[in-house]
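Some notes on the structure that comes next.
The numbers here are math on the coordinates, done by the rules we state, and not lab data. Note that this is a predicted model, so its numbers are computed, not measured. Here the Cβ is made from the backbone with ideal geometry for all residues, glycine too, and neighbour counts use every protein chain on show.
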Amino acid sequence: MLGSVGYSVRRYYKDKYLFGFGRTEDVPAGTLLSFTTGYEMNPVGPRRYFDARIAAAGYSVRQGYLYGSLDFGTFQRINDGGWEQGLLSGQFMYFTRRYRVGNYQSRHLLNTRVTAGFNRYPAEVLLSGINSNPDGVRGFRPDGQILATSRLLANYEGTVYTPLSLLGFRMAVLAFADMALVNERIGGGSPFGGGSPPYTGFGLGLRFRNELTVLRTFQFLLGYYPRGQLSANGLRLFETNRDAYQFSDFSFGQPSVVQYSAQ
């Protein structure tokens, strides 16, 4: 049994060259506060659940777009008052303002996400790890399993939208740098407590978009990975048609428990 109470304010602005190739896009800004609590009945023992979330974003033509969020949820055993299966997650995302030189448009993006488990069960790990494109280090294929219980991801992307067009396909040039810091300790903890150096990826690529095709956006990327990559030389050429980032719309629906393994 779960119940939520929340406060949300949403505003939308118009801009271009964020995720699209010149089309007008809605940029959400605002504030979200929510609190969820509930009661769980199970054969092992009843538990209470608590979750609090805060998110805010602002936008201006001159300064760009800034978004931040923080969410913490945990269970409490009623029998002895112990806390377990805690989850702390947060995100920081910043788009610079749009730069223009002639017919060329450009932006820079910085996106940082943290997912940290606390007092998790021994068998619980973050299934998506760090190598699921585009949620982690783009194009990274590890040479072994990475069973992260907490992680910190940081992504940089610089994109230049060109006026070039061929057969209806518009082209952009991009560069990326990704970093993942993981903790594989049972039960979770701080992402900085893993004791191992971060996994990184650096690359260049081309992005194409055609409004008349089913797959409107796709990109070809060449990445270099100094550590942990499956290929011996650390290089990989790959293709993807998924957007690496998306906006939050500052809405909340029916109350639910945040799923740690799906993060």
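List of remarks:
- Zone of Ala175's modelled label, taken as backbone nitrogen in the stretch 69-109 under 13 Å from a point 7 Å along Cα→Cβ: 107-109
- Each residue, Arg185 and Tyr104, gets one label point 7 Å from its Cα in the Cβ direction; the gap between the two is 4.7 nm.
- In this rough spin-label picture, where each label sits 7 Å from Cα along the Cβ direction, the Gln145-Met41 distance is 3.6 nm.
- Global form of the chain, assessed from the alpha-carbon gyration tensor, a/c cut-off 1.5: oblate
- Taking 0.36 nm per residue of sequence separation and removing the Cα-Cα distance, the Val5/Leu204 pair yields an extension gain of 67.2 nm.
- Remark: the stretch 1-141 projects, on average over all directions, an area of 11.5 nm² (convex hull of Cα atoms).
- Estimated distance in nm for a label pair at Arg77 and Phe238, the labels positioned 7 Å out from Cα along Cα-to-Cβ: 4.0
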